[in-house]
Structure formats: structure tokens, C-alpha cells
Amino acid sequence: MTECTDQVVGDILSSWRYDISGISPEMSKDYKSHLEECDHCRRRQRLHRTIDVALIGVSTLSIIAFVMALMVIHHVEPLRNWALVMHLEHRSVDLTLQAAAILGLLVSLVSWVLIAVTTPAPVYLTGMALAQARVLQGRIPEELRGRLPRNVA
Ligand SMILES: [Zn+2]
């Protein structure tokens, strides 16, 4: 295990979950240079951003899963047969599953928004996407590059 080179700065960064994207550029200069020189904090920062991205990834997948569940409940016939096997009124089974899926979808949407608001995951992902776009743009032949919008470069 590595130790933080400046415990005071390290503690501040830790309380912010190593997110300096929200503070002003002149304030963030010292923290940026600390992150460059301190292995401990840099690793912690990477870990926290990985957790943020994983959280938003899981909640996105769960939104997709519940949307698919709702589509299945609406369209798949075997579900009705299953309801008959269970000796239930299929309307009520339909509605119960639908209500559960809608509730799940709402919970997933709320957690997605909470994660997006409370973590720097969107900023981090946007930064990664822009970096990736720049790399891709570098691979585009010169004659096509002139036609692209300037804002990515
Ligand atoms: Zn440190």
C-alpha cells in the first residue's frame, strides 16, 4: 500500500471522493498537481470514478431490463398461458407484473438521476467520449476531416 504524500490535501480530496471537476480552475490547480505526484490519491480517484461508472452502468442496464420486461408483458402470449396454468385471472397477473415492472422502472430512473446528479460520472464519461472522438477524428482521412464540425477538435 502507498501512503499519501500530503495528508491534509489527501483528506480534502477524499472528502470530495477525489472529484475536482466542480471547483474553479485556479482552486483545482493545487489538487491537480497533488494528484499528479501522489500515487495513493491517483489510485483512489481512479477507483471512485470506476465505482461511479459502474453504478450508472448498472442503473442504465436495469432501466433497459424493466423497459424490456414491460414490452414482454405487453406482447408475449405464453405469459397468458402461464396465467391459466396458475389458475389465475390473466388480467390480474398481467397487471401485477406490469405494476411491478413499472415500479422497478421508476426506481431505476430515480437512482439513475441521483447517481448522475451526485457523482461526476456524466462529466467523466463526457470527457472520455470527447477523448475517444478526438482519437477517431485523428484517424479520419484529411479530405473528410474538413467537413466535420470544429467543436470536437
Ligand atoms: Zn495524496
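The values are calculated or read from the model by the stated rules, or taken from the named source; none is laboratory data. Predicted model only: the values in this text are computed from it and were never measured. A quick note on method: Cβ atoms are made from the backbone with ideal geometry, for glycine too, and the neighbour counts reach across all protein chains shown. Accessible surface is based on the protein model in full, side chains and every heavy atom, while ligands, DNA and RNA are left aside. Shrake-Rupley method; radii C 1.70, N 1.55, O 1.52, S 1.80 Å.
Taking every residue in segment 1-27 that is more than 9 Å from the ligand (Cβ to nearest atom) and pairing it with any residue that is assigned to a loop (DSSP other than H, G, I, E, B), at least 6 positions away or on another chain, the pairs with Cβ-Cβ distances below 8 Å are R17/T119; D19/T119; D19/P120; S21/P120; G22/P120. The set of residues from segment 117-143 being more than 22 Å from the chain's Cα centre (by Cα), in a helix (DSSP H, G or I) and surrounded by 11 or more Cβ atoms within 10 Å (Cβ to Cβ) comprises just one member, Q137. Just one of the numbered conditions (1) of a type outside the set (V, I, T); (2) in a helix (DSSP H, G or I); (3) open to solvent by 60 Å² or more (accessible area, probe 1.4 Å); (4) in contact (Cβ under 8 Å) with a residue 12 or more places away in the chain is not true of R49: (3). Of everything in segment 16-45 that is part of a helix (DSSP H, G or I) and under 21 Å from the mean Cα position of the chain (by Cα), the residue that is nearest to A121 (Cα to Cα) is Q45.
Please work out if T60 is in a helix (DSSP H, G or I), modelled with pLDDT of 90 or more and among the hydroxyl-bearing types (S, T, Y). It is true that T60 is in a helix (DSSP H, G or I), modelled with pLDDT of 90 or more and among the hydroxyl-bearing types (S, T, Y).
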